[in-house]
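Notes for the one structure printed next.
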Amino acid sequence: MQKKDSVILMDENGKRRDGRAPGDLRPIHIEANVLSNASGSCYLEWGGNKLLVAVHGPREAQPRHLQDQTKAIIQCRYNMAAFSVGERKRPGPDRRSTEISKVLSEALDAAVFTQRFPRATIDVYIEVLEASAGTRCAGLTAASVALADAGIPMRDMVAAVAAGKVGDTVVLDLDKEEDNHGTADLPMAILPRTGEIVLLQMDGHLTADELDRAQTMAIEGCLEINRQQVEALKKCYQSDDNGADNAGYADSDGGDADTAGYDDSDDGATDNAGSDDSDGGDADNAGSADVDADNAGSDDSDDDDADNNEHEADEKIDDDPQVTETFGSGGLDPNVSLFDEKEGDE
């Protein structure tokens, strides 16, 4: 059993205070796109830590003396809320938050394609709502998800975790008591695809062998964290895409509003009602057919009358003064019909 200042950090079975093995991470929950007014955002719970990250930009850097003509600058603001710790913290920046803001900005700069946005700034706001050791690693992990949520091009997302030493044992992801009473703390961040280290700090003492084991353990932890980052983004955008794809399309119960007026297997078509409907759409056509039949009979009976009256109609037209005035004394040409134009129009 290992003790320091009467705090039990690890039991006889090699289990830590919360039951984890030396290489286990604390429970992590990541949720992307939680703020509608930010370009990108992320909410993260990591053990006892709770953080909210928002990203704004890229936008023109102001004041102009901050602008870099060749690339964008990343301005990271790390802040701990006054209620984030047991004893009320004085609001506002302090030396610790200023230092953490600087190292996080440099770590994110290594991952973002800043050359695509000259004279611009990308603002990253990290708000620690509850703190329980490892907030800089948690903030860096959440900031990477928020940048990806904002659609900012990156080489890879940054994943970060701290390794350390409790008594004589190297452990991963220290909690509050292990951080306060342990003998070493090693925050580390990498780009998982390449293994490039973008953040490495150490507080305490480690031998060369312990440092190697701590780095190996941290890299394995970062890879697991990166997997959870990717899953959080997939969960966010796959659910949005499915909702968008399903909107406006017919479902099995009766169709959507967008399909109103189109063929539906249950309800028929609004636009086709009275025309092509299988139950009553032929009624109008049937009536039309009856009328055509009556007209056909009428045409047969009137054929003889039409022949008898044709000569009389021609004589009346020839004697009409208006026709004479229009076409001359010669009357109408028998080869020209007055109804040709109308028939063509029809």
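Mind telling me which of the residues R88, R96, R59 ends up being of a type in the set (K, R) and in contact (Cβ under 8 Å) with a residue 24 or more places away in the chain? Don't jump to the end; show me each part of the working.
Values: R88 fails: in contact (Cβ under 8 Å) with a residue 24 or more places away in the chain; R96 fails: in contact (Cβ under 8 Å) with a residue 24 or more places away in the chain.
R59 is the lone residue from the list that is of a type in the set (K, R) and in contact (Cβ under 8 Å) with a residue 24 or more places away in the chain.
Applying the set (1) in contact (Cβ under 8 Å) with a residue 60 or more places away in the chain; (2) acidic (D, E); (3) surrounded by fewer than 23 Cβ atoms within 10 Å (Cβ to Cβ) to D212 leaves exactly one unmet item: (1).
Would you mind stating whether S132 is part of a loop (DSSP other than H, G, I, E, B) and of a type in the set (S, T, N, Q)? Reasoning before the result, please.
Details: part of a loop (DSSP other than H, G, I, E, B): yes; of a type in the set (S, T, N, Q): yes.
So S132 fits the description; yes.
Do the conditions hold for S41, that is, is it hydroxyl-bearing (S, T, Y), modelled with pLDDT of 95 or more and either closer than 28 Å to L174 by Cα or crowded, with 19+ Cβ neighbours inside 10 Å (or both)? Yes, satisfied. Restricted to strands (runs of 3 or more DSSP E) entirely inside region 1-104, those with at least 2 residues that are among the aliphatic types (A, V, I, L, M) are 7-10, 28-32, 49-60, 73-80.
Here's the yes/no breakdown for (1) touching a Gly at 6+ places or on another chain (Cβ under 9 Å); (2) in the same structural domain as P187 (by TED's automatic domain parsing); (3) of a type in the set (F, W, Y):
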position	(1), (2), (3)
C42	no, yes, no
L51	yes, yes, no
Q67	no, yes, no
D94	no, yes, no
L104	yes, yes, no
F113	no, yes, yes
T121	yes, yes, no
V128	yes, yes, no
A142	no, yes, no
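The values are calculated or read from the model by the stated rules, or taken from the named source; none is laboratory data. This is a predicted model, so every value here is computed, not measured. As a convention, Cβ positions derive from the backbone with ideal geometry for all residues, glycine included, and neighbour counts pool all protein chains shown.
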